[in-house]
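> Dropping the structure in here first, questions after.
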Amino acid sequence: MNYKVNYKVQNVMETAPLGNCFLEGEIGARFDRFILERVSGKFALEEILREAEDFFATQYDDIYTFGYWRSEFWGKLMLSAVRCSQYKNDDVLKEELRKSCYTMLSYQREDGYLSTYRNSDNIYPVDVVKSALYSGWEANYCWNVWGMKYTLWALIEAAMYMDDEKILTGAVKLADWIVGKFKSDGTRVKDSGVMDGMPSSSILKPMLVLYRITGDEKYLTFGKDIVKEWSREDNERPNLITNALSGEAVAEWYGISSKKLSEGHDLGADWVPKAYEMTSCFDGIIELYRITGEEVLLEASKAFYEILLKHESNILGSVGYCERYQNAAHYADSATEICDVLHWMRLCYELFRITGDVKYMHSFEKAFVNAYIAGVYADGTNGAFFVRSAGRHYTALPQCETKYQHCCLNNVGRGFTNAAETQVTKSEKGYFVNMFTQSYVRFGNTEIRVGANYFDSGWVGISVRNPEKDKKLYIRVPEWSKNTKIRVGLGDEVSIPCGEYYEIDLEPDTTIMKIRFDMTVEVINCEWQELPDNDYHSFRWRDGMYGLCNKDCMLPCSKIVLRRGPVILARSKKFGAKEENMFSCDTLYGKKIESIVAPHIPNNTGVLVSTRVMITADGEKHEYIMCDFASAGNIDSSDPKLFSIYL
């Protein structure tokens, strides 16, 4: 199944097809366990996937005053499963997924409507007063179009993967119903759903993909109509393109204070700067740029990245704080939703593909090896809703009265496959090694392997076999490695500059090189500030219906955090740390640190790195056993004080 419409602007970077790029080592093993437990195994197919299908048969999402979001679960599962099946070259799973798509199509109405909402007119915000009478808080929840976005996208990706016209026809019928519904109602997409239509408007991406497959102009027109509403002179929310180009922090776009947000989980019609849904809209904006070549779309996307990097970067390598863009970079504590990490990674991934700018890979690496991997539990059966900088992670419990479904868990597979695709990319000039997790990538007859665990030893070996004629190799030298050494073949070891790509000539048959990264430990100062109980950051941290952990797990004073290479280090009870040491007011903050030595502890399985950190500060010696943050708390724990990144 081929595209009928080509891009006007081609990607600078080409990724290897899934099935030709593989994650290996500890991270690869974690992905394999997740695929087995949540995607391809007997329980995953017969229980998790079947349950998600059943929501379309029962259509219970709108039986209450406000609507649930069970409509998203099948689509997210299928999107992840299709990509995992491609990654594993799993023909058995492929046929199971085809059956699941056919089951879904059996629930599609004659007019094309396919949803977990019984009432097809129920696509607009609900009455918050009536909702409050039922739920106890003002929720204008209606997630119908948001859910149809994921169903549509999943059907499209499945149809492309399986070359299945029946599935594509179902996707076309659903898309036609959506386009026709807004036309007949005389409404805008932004008038539907919640949060000023931002979740609904993220349907932009699958609509544009369908346009490229079918060539039907109505899908492109529909997408352009969505984007037109994001460049308004009156700043009617969300106005994403105009506000992104302003350069202002997202938290300042609409004058909504942190205090106001803390007064309830969702204030109905009031604007909430929801990170996941907002960032997912830029997935579609970048796709529209590829199709139309309108530079303002790319400039807005790049400006949005810079805003998030400056104002929303948290200590865990992600962006935002507990689902919101609320100036996360200004806070010492950090808690970040896995969906937010994933879509920050996707923003970096898509901007890198279209521009080739190395800075997007710098950000991708920090997000992937810290916040993202931390959110996938060690046994592969579960993961986190939020990952936190201390205490315990907030496990992804089933949502919306389901047994097995959660928005973040159902999304996880896509993050791993994006990571596999970014390991090595290709351009007209040659091959670009962007990530250094153990991996194997193949472009045609060209094979590239990245070996060794650079998280602990600090070195990697790279081999390139059978390169295309006149192609060169480009190695991303991370910003954090200030003193990087490389030896190519039997040549001398030389120093190479950090923060950019280093060019290497390739032999016609095989080129082997060894890189030694500078694993000098970076000290990050985290300045404590007292937060009132009604502050959003404090409100979302605590235990309770929407809290994350005990308040006394928040920082009691200013502390420091250590980063070794790209990895944030942490102490954990899993590796012998004591609670009274991790959560006391003892701190190295403000002390003069004369030396830090952090040699890795070899042969420690189940972690990316474990290290014995020896610090001399103000003449006193301190010693800690630490591991990578991603391994410190990656279990479903009831212990509120399991780990901490702070010293």
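The values are calculated or read from the model by the stated rules, or taken from the named source; none is laboratory data. Model, not experiment: these values are computed from the prediction. Because the Cβ atoms are built from the backbone with ideal geometry, glycine has one as well, and the counts that use them run over all protein chains shown. Accessible surface is based on the protein model in full, side chains and every heavy atom, while ligands, DNA and RNA are left aside. Shrake-Rupley method; radii C 1.70, N 1.55, O 1.52, S 1.80 Å.
> Using the beta-carbon distance between Val296 and Ser184 and R0 = 35 Å, what value does 1/(1 + (r/R0)^6) give for FRET efficiency, to the nearest 0.05? Don't jump to the answer; show the numbers that get you there.
Working: r = 31 Å, r/R0 = 0.88.
So, using R0 = 35 Å, E works out to roughly 0.70.
> Sticking with this structure for a sec: Quick one: accessible area per residue over the stretch 5-117, 1.4 Å probe, rounded to a whole number of Å²?
Ligands and nucleic acids excluded, the result is 39 Å² per residue.
> Related question: Residues in the stretch 593-634 near a label at Lys485, defined as backbone nitrogen under 19 Å from the 7 Å Cα→Cβ point?
Flagged as within label range: 597-600.
> Could I ask something else about it? Just how much of Tyr394 is accessible, in Å², when a 1.4 Å probe is used and the result is rounded to the nearest 10?
Roughly 50 Å² of Tyr394 is accessible to a 1.4 Å probe.
> I'd like the FRET efficiency for Asp357 and Ser106, computed as 1/(1 + (r/R0)^6) with the beta carbon distance as r and R0 of 51 Å, rounded to 0.05.
0.65
> Then there is this: Over the chain, what is the percentage of antiparallel beta bridges among all DSSP beta bridges, to the nearest 5?
95
> Give me the percent of accessible area attributable to carbon and sulfur for the chain, probe 1.4 angstrom.
47
> Once the dipole of the chain is set up with Lys and Arg at +1 and Asp and Glu at -1 on Cβ about the Cα centre, which of Leu642, Ile27, Phe304 lies farthest towards its positive end?
Ranked along the dipole, the leading option is Ile27.
> Of the lysine pairs in the stretch 1-150, how many meet both conditions: Cα atoms under 26 Å apart, and a spacing of 8 or more in sequence or different chains?
Going through the stretch 1-150 pair by pair, I get 16.
> Give the shape of the chain as rounded, prolate or oblate, defined through the alpha-carbon gyration tensor: a ≥ b ≥ c are the square roots of its eigenvalues, a/c under 1.5 means rounded, and otherwise the shape is prolate if a/b is larger than b/c and oblate if not. Write down the numbers at each step before the final one.
Details: a/c = 1.65, a/b = 1.21, b/c = 1.36.
Because a/c hits 1.5 or more and a/b fails to exceed b/c, the chain counts as oblate.
> I want the local charge near Leu168. Using Cβ-Cβ distances under 15 Å, sum +1 for each Lys or Arg and -1 for each Asp or Glu among the other residues.
-1
> Could you do me a favour and compute the accessible area per residue for the stretch 294-407, 1.4 Å probe, result in Å²?
With the other protein chains kept in place, the stretch 294-407 gives 22 Å² per residue.
> Something else now. Strictly over 27 Å apart at the Cα level, which of Lys471/Lys514; Lys228/Lys359; Lys302/Lys469 would you flag in this model?
Pairs exceeding 27 Å: Lys228/Lys359; Lys302/Lys469.
> Here is a further query. I'd like the accessible area for Lys426: 1.4 Å probe, protein heavy atoms, all chains in place, Å² to the nearest 10.
The value for Lys426 is about 30 Å².
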